[in-house]
Amino acid sequence: MRDGSNACQTVFDEVTDFLATQPSFEAIIDFKPSQFLDERLHELLDEANAGTISYSEQKELDDFLRVNHLLRMLKHKARLKLTGTM
């Protein structure tokens with residue numbers, strides 16, 4: 001398993017770096033985390049499902065899930081803006 005000690009910071013960095021570019025609504029809708037972060041998230045989910053996740057890994061997973069929720073809300077609002085319903 002990969003050392004994920006910096007992955008939590010990386011997920012926040014990746015998203016804030018993206019948002020700092022002032023992306024279009026289309027770019028927000030199309031945004032996907034890097035392959036590294038996607039793989040790390042799946043590792044954490046596998047650990048959680050197996051019941052072998054450590055406390056620090058659980059905190060990291062919680063952060064991933066919070067960022068994922070934020071991205072879902074951003075994408076939803078971007079779609080609303082594009083359709084003129086917001």
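Structural remarks
- Top-ranked residue of segment 7-35 - restricted to ones that are among the aliphatic types (A, V, I, L, M) and modelled with pLDDT under 95, ranked as farthest from His76 (Cα to Cα): Ala7
- Filtered residue count, segment 48-57, keeping only those that are of a type outside the set (Phe, Trp, Tyr), at pLDDT 95 or above and either under 17 Å from Asp13 (Cα atoms) or surrounded by fewer than 18 Cβ atoms within 10 Å (Cβ to Cβ) (or both): 6
- Looking only at residues in segment 23-47 that are touching a residue at least 40 places away in the same chain (Cβ under 8 Å) and among the aromatic types (Phe, Trp, Tyr), the one that is farthest from Asp13 (Cα to Cα) is Phe25.
- Hits in segment 30-72 (condition: of a type in the set (Val, Ile, Thr) and part of a helix (DSSP H, G or I)): Val67
- Test result for Arg79, surrounded by 12 or more Cβ atoms within 10 Å (Cβ to Cβ) and touching an Asp or Glu at 6+ places or on another chain (Cβ under 9 Å): no
- Subset tally (residues that are free of Cβ contacts under 8 Å to residues at least 40 places away in the same chain, among the aliphatic types (A, V, I, L, M) and farther than 21 Å from Glu39 by Cβ) for segment 52-86: 3
The values are calculated or read from the model by the stated rules, or taken from the named source; none is laboratory data. None of these values were measured; they are calculated from a predicted model. Positions of Cβ are generated from backbone atoms using ideal geometry, with glycine treated the same way; all protein chains shown enter the neighbour counts.
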